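Take a look at the structure set out below.
The values are calculated or read from the model by the stated rules, or taken from the named source; none is laboratory data. Bear in mind the structure is a predicted one, so any value in this text is a computation, not a measurement. Cβ placement follows ideal geometry from the backbone for every residue including glycine, while neighbour counts extend to all protein chains displayed.
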Amino acid sequence: MTESSGNSLLAGIYTGLTNTYSYLAAQYPNQVTLENINKARTDNKTAGIINQSFASYLQTNFNNIDKDKDGIISAEEMSNLTNRMTSQGLTKDELTQMYASGASGLSQSTMENILENFDEMDTNHDGRITSAEISNYKLANARLKKEDEFNAKKASDMSVFYGNEDASNDAYSILSYKYNSKINS
């Protein structure tokens with residue numbers, strides 16, 4: 001998960017959804033319907049322009065996004081979706097679905113890392129991860145990595161410092177110079 005911060009990981013998802021909705025709203029003013037999303041995804045003129053992954057997410061989740069059940073995703077409903085995602089985070093199911101549709105905009109390894117470590121990232125155990133939780137997880141992992149690197153540099157065999165009991169008197173240790181020089185003087 002080194003390619004971007006937690007904030008930008010989720011921000012890419014919010015931006016992708018918002019941009020795709022904006023494009024659809026421009027093509028079909030005030031009528032972002034399931035039928036129009038399907039049409040935009042298959043029409044030769046728009047299919048190459050629209051982000052198919054995010055359009056697929058909107059298509060698949062249309063009924064959940066259309067809160068008033070009028071058959072139209074309004075700008076307010078879209079804004080509510082992205083605001084909820086921004087403030088409350090994403091569930092593992094939402095992330096899995098975005099990953100499966102390619103709508104995350106993230107590399108396969110990054111997305112697999114997030115999904116694999118979802119429970120560890122979800123520090124408040126609300127079933128969602130936020131940008132802050134991802135950033136905190138990354139920071140904690142970076143700290144642990146540095147601690148491991150530091151600990152690996154410590155002498156693992158203290159005989160280097162104190163000498164080895166099995167060795168003869170002239171065996172070298174870091175302290176031997178001090179004591180040998182006093183004894184030989």
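Computed values, structure above
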{"read-out": "Residue satisfying condition, being of a type in the set (Ser, Thr, Tyr), assigned by TED's automatic domain parsing to the domain that holds LEU115 and over 25 Å from ASP119 (Cβ atoms), within set THR91, THR42", "value": "THR42"}
{"read-out": "Count of the range 92-104 residues which are in contact (Cβ under 8 Å) with a residue 12 or more places away in the chain and either buried (at least 18 other Cβ atoms within 10 Å of the Cβ) or part of a helix (DSSP H, G or I) (or both)", "value": "9"}
{"read-out": "All helices (runs of 4 or more DSSP H) inside the range 119-185 with 1 or more residues being loosely packed, with under 10 Cβ neighbours inside 10 Å, of a type in the set (Lys, Arg) and at pLDDT below 85", "value": "131-153, 176-184"}
{"read-out": "Contacts under 7 angstrom Cβ, first residue in the range 20-33 being in the same structural domain as ASN51 (by TED's automatic domain parsing) and in contact (Cβ under 8 Å) with a residue 24 or more places away in the chain, partner of a type in the set (S, T, N, Q) and in a helix (DSSP H, G or I), 6 or more apart", "value": "LEU24/ASN36"}
{"read-out": "Selected residue [modelled with pLDDT under 85, surrounded by 17 or more Cβ atoms within 10 Å (Cβ to Cβ) and not in a loop (DSSP other than H, G, I, E, B)] from MET78, MET111", "value": "MET111"}
{"read-out": "Output for the range 12-62, where each listed residue is touching a Gly at 6+ places or on another chain (Cβ under 8 Å) and not in a helix (DSSP H, G or I)", "value": "THR33, ASN51"}
